[in-house]
Amino acid sequence: MVFSSNAFLFFFLPAVLILYYIVRRNRTAANAVLTVMSLLFYAWGEPKFVLVMLLSIAVNWAMALLIEKNERKQRVKKACLTVGIVVNVLILGVFKYASFAIRNLNSVFKLGIVDPGIALPIGISFFTFQAMSYIIDVYRGKGKAQKHFMGVCLYISFFPQLIAGPIVRYETVADQLVNRRESVEDFTCGVRRFMVGFCKKAILANTLARLVDYVYALESGRMSVCLGWIAAAAYLIQVYYDFSGYSDMAIGLGRMFGFHFLENFNLPFIAKSVTEFWRRWHISMCTWFRDYVFFPLGGSRVKSRARLLFNMFAVWALTGLWHGAEWTFVCWGVGFFAVLAVEKLTGLGKWMEKHALGHLYAMLVVVVITVLIRAQDISSAGRFYKTMFGLDGAPFFDGLTWFLLKEYLWYLIAAVVCALPLADAVKKKLRVPDGAWQIVSGAALLVLMLIAVGDTVAGGYNPFIYYNF
């Protein structure tokens, strides 16, 4: 089930809200409602994969209890933590990376291993990372182990962030699982935030997806240089509105039930270096890798430059693999590693952040590297790059480019404008009172929401990009 669907908007969400608020004063009953409904939400498409998630939850619940029980027995604690991490990695490896590994082994060693064709459970990267966050945080003493299975089940399976994040760290919500407080203010703020995310997805991301899909499906030689750059930039913007829209909806839904999730995006398109871009984009993933991979490896405080580069490479290679089991994703991660390593070792990143040129530099680099995760394979990405840089004889501009620009130009402009902090600047410049601003912006949001819902009712939605990750 997706948030931008009739089933979710008109049946599932109203049912959950009604049931939850009937029993909300009884925290156990309220959590039980959220847990059961979250499992139903996940089971909507592929019921059998609920068993995979429940296995992960059961193992992590048991290991966390053993870790806490053996608090003074360091060897036992480490053994339990290791078992939990190994099980999570195995689940992720079998379902997400087995086919990738078999294909590459067959290609290199001509082994002829039969690919079992294991289907990928939706959101497996997200719920396994949250599961690992749970046992690691309990091990580090940053949260108490949940005595009851339902507590862990709700944390990992909670439907707003289950499929595509943000990755909610256990330490940030451990207390909220029991002691959260619902309020009218939280609920209304949650509804507004959900509406913002829904409009991002339904109006901007879905529209730009049509442009991107059309251009990437063109046969070689039918694309101009300008159209290649337009499509590459449009895909980055599409991913932003698709994923930040989902994150907005998840954060808004959480607030409707009294949960406060951390932000996942912070105006990434105003970044003036690639390093700054990644401080602002998919924050929950970046901080997860930083705290659970980079720091344990030694972080940036290691004595040798070689070890620092190894730590950075490990993080970004894993980040690429986390996004997808294809060489395009690995190259995407390694590409960002190379740029970030140069920025850190030469001081280029800090220099760019002090100059206006940095914005153009950061956006160009991110647009170029992001082509890798949209292309079907490395060779397709190579052909696309040749066109972008005029290396295959493609015309600089042509009639098709002009036609598509006329069709999508205003959406591209609106997407760029909405990604910048212009609204706050206008409010401040015109000295608009908060009350008047809330009324005007609320009315505009309501109109956009009606348009977005109308498009959804008509069947004009597509799955979130990060459902595949």
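The values are calculated or read from the model by the stated rules, or taken from the named source; none is laboratory data. Just so we're clear, the structure is a prediction, and the values are computed from it rather than from any experiment. Cβ: placed from backbone, ideal geometry, glycine included. Neighbour counts: every protein chain shown.
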When you look at residue 270, is it closer than 28 Å to residue 352 by Cα, surrounded by fewer than 20 Cβ atoms within 10 Å (Cβ to Cβ), in contact (Cβ under 8 Å) with a residue 24 or more places away in the chain and hydrophobic (A, V, I, L, M, F, W, C), yes or no? yes
Counting only residues in segment 371-381 that are assigned to a helix (DSSP H, G or I) and crowded, with 19+ Cβ neighbours inside 10 Å, the one farthest from the chain's Cα centre (by Cα) is identified as 381
When both residues are 6+ apart or on different chains and their Cβ atoms are under 7 Å apart, which pairs have a first residue that lies in segment 112-127 and is assigned by TED's automatic domain parsing to the domain that holds residue 88, and a second that is in a loop (DSSP other than H, G, I, E, B) and at pLDDT 85 or above? 126/167
Which ones in segment 160-188 are surrounded by fewer than 20 Cβ atoms within 10 Å (Cβ to Cβ) and touching a Ser or Thr at 6+ places or on another chain (Cβ under 9 Å)? 171
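Let's see how each residue does on (1) surrounded by 18 or more Cβ atoms within 10 Å (Cβ to Cβ); (2) touching a Leu at 6+ places or on another chain (Cβ under 9 Å); (3) closer than 25 Å to residue 351 by Cβ:
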site: 238; (1), (2), (3): yes, yes, no
site: 278; (1), (2), (3): yes, yes, yes
site: 281; (1), (2), (3): yes, no, yes
site: 300; (1), (2), (3): no, yes, yes
site: 309; (1), (2), (3): no, yes, yes
site: 312; (1), (2), (3): yes, yes, yes
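Yes/no matrix, rows are residues, columns are (1) within 18 Å of residue 230 (Cβ to Cβ); (2) at pLDDT 95 or above:
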| position | (1), (2) |
| --- | --- |
| 333 | no, yes |
| 360 | yes, yes |
| 369 | yes, yes |
| 373 | yes, no |
| 390 | yes, no |
Options 338, 414: the member that is outside the structural domain of residue 199 (by TED's automatic domain parsing), surrounded by fewer than 19 Cβ atoms within 10 Å (Cβ to Cβ) and in a helix (DSSP H, G or I): 338
Would segment 50-60 turn up any residue that is more than 23 Å from the chain's Cα centre (by Cα), outside any helix (DSSP H, G or I) and assigned by TED's automatic domain parsing to the domain that holds residue 147? no
Is there a residue in segment 271-285 that is part of a helix (DSSP H, G or I), charged (D, E, K, R) and within 17 Å of the chain's Cα centre (by Cα)? yes
Positions within segment 390-440 being among the basic types (Lys, Arg) and farther than 19 Å from residue 196 by Cβ, in sequence order: 406, 428, 429, 431
Any residue that is touching a Cys at 6+ places or on another chain (Cβ under 7 Å) and over 24 Å from residue 120 (Cβ atoms) - is there at least one of those in segment 51-62? no
Top-ranked residue of segment 86-100 - restricted to ones that are β-branched (Val, Ile, Thr) and surrounded by 18 or more Cβ atoms within 10 Å (Cβ to Cβ), ranked as farthest from residue 118 (Cα to Cα): 87
Which numbered condition residue 94 misses (of (1) touching a residue at least 12 places away in the same chain (Cβ under 8 Å); (2) of a type in the set (Val, Ile, Thr); (3) in a helix (DSSP H, G or I); (4) in contact with a Leu (Cβ under 9 Å, 6 or more places away or on another chain)): (4)
Hey, any hits in segment 33-46 for a residue that's touching a Gly at 6+ places or on another chain (Cβ under 9 Å), among the aromatic types (Phe, Trp, Tyr), buried (at least 18 other Cβ atoms within 10 Å of the Cβ) and under 15 Å from residue 124 (Cα atoms)? yes
